[in-house]
Amino acid sequence: MSELAIVTYLREQEQLTAELIEIGNQLHRRYSGLIMMLYVESRAPVSAPDAEFPIRVTHIKGTKYGKLLQALNSTEHRYLLSLDNDIEADIPILLRLIERTIGGHYELGWGRIHSRRVSSPISRLVEVDKLLSHTVLRPLLWRLHLGVTIPGQCFLLKARSFKNRLPHTDTFLDDLSIGLHSVKHRLRYFYTQEVVAFELPSYSFSSLWKQRARWAAGFHQALVCTTLNRQDRRLLWVHAFSYHLLPLLHFVALILVMIKAPLVAACWLALVALGMARRRPQALAAAFLYPILFPIFHLGWFCHIFQENKS
């Protein structure tokens, strides 16, 4: 049985990126039996002239979660590395993550994801949101045994620990279903604080709003899954509180303090910004504005949840 396969996904009109092909080439040199399992939504031919590894193309539409389930059911590899097509990896760090996950026989492995090509105001806010999620919220919740999400852009999993075991309820949030399954069954995971990959952030208000709508739909799909028990739903609501409600409560508290003591509010915003951007000083200005501006997207998430419950 070969050690590793890459699973990646192309939407309509997308092609494999040079960055993803280079990741595959580097991994193929380390893991000789590596293949790429490529799930493509269009019928257009896939061009990868520089690929040194075999590519198994499957033409299929649907969610990434559904494609990952199919990959798990058909693979003969011990581990699958799921990669979004728009990421750029720090290859030496990614190799260390893979080696330590496989070498330690962990069921799940991931690291931090940051943003790249940050230029617009929205993408700068998303960069800060990533810093908060990947460096504070996710590590803290997993340390408290309350974490149910992994970074869906780049993660590693042991095939036999998930094959024919994940819920078959389709969802937009593969990271939530995999994380919840891992916590529920106390699977061993390896987490590195190093940044393993960089993704392209949303560049417009509308694209970010649509993303939150998909997240809300995915959360609702996970919540109504028939295999969930009371503890599973409690963990899902802890996730919703931590990622979406807490920022709204912080915003309301900030407004109240700003009315009574604007200097105290400004000092608090500065401290929060310094805490979030301490390792990325270029994000400091956006980090200062983030608690004031970004809650609109968390409010949108709750509005979409309400609409999902009505439908």
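Only the coordinates and a few stated rules stand behind these numbers; no lab work does. Small disclaimer: the values here were computed from a predicted structure and weren't measured. Backbone-built Cβ (ideal geometry, glycine too); neighbour counts: all protein chains shown.
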Checklist outcome for this item: Taking Cα atoms only, helix 18-30 is inclined relative to the longest principal axis of the chain by an angle, in degrees rounded to 10, of 60 degrees
Item to check | Rounded to 10°, Cα long-axis angle of helix 246-260 versus longest principal axis of the chain | outcome: 20 degrees
Item to check | Candidates per trypsin sites (Lys or Arg not before Pro) in segment 86-187, loop by DSSP, up to 11 other Cβ within 10 Å | outcome: Arg165, Arg186
Checklist outcome for this item: Volume per residue (Å³) of the convex hull spanned by the alpha carbons of segment 126-176 is 101 Å³
Checklist entry - Over the chain, what is the mean sequence separation of C-alpha contacts under 8 Å (at least six apart), divided by residue count, expressed as relative contact order in percent? => result 19 percent
Checklist outcome for this item: Within segment 251-311, DSSP-loop trypsin sites (Lys or Arg not before Pro) with at most 13 other C-beta atoms within 10 Å are Arg278, Arg279
Checklist outcome for this item: Taking only Cα atoms of segment 1-140, the Rg to Rh ratio with Kirkwood Rh works out at 0.97
Next on the checklist: Using the Cα atoms of segment 60-104, I'd like the radius of gyration and the largest Cα-Cα distance, Dmax, both in angstrom.
Outcome noted: 12.8, 35
Checklist outcome for this item: Over all pairs of different Cα atoms in the chain, the reciprocal of the mean inverse distance gives a Kirkwood radius in Å of 20.4 Å
Checklist entry - Which lysines have a Cα lying under 19 Å from the Cα of Lys67, excluding residues fewer than 8 positions away in the same chain? => result Lys158, Lys163
Item to check | Other-chain or far-sequence residues with amide H under 5 Å of Val7's (modelled H) | outcome: Met37, Leu81, Ser82, Leu83
Item to check | Helix 64-74 vs. the chain, principal-axis angle (Cα, 0 to 90°, nearest 10) | outcome: 30 degrees
Item to check | Geometric extent, Cα atoms of segment 72-160 - Rg, Dmax (angstrom) | outcome: 14.5, 44
Checklist entry - If you count the DSSP beta bridges with both ends in the chain, what percent of them are antiparallel, to the nearest 5? => result 30 percent
Next on the checklist: When only alpha-carbon atoms are used, what values of Rg and Dmax, in angstrom, describe segment 134-276?
Outcome noted: 17.6, 57
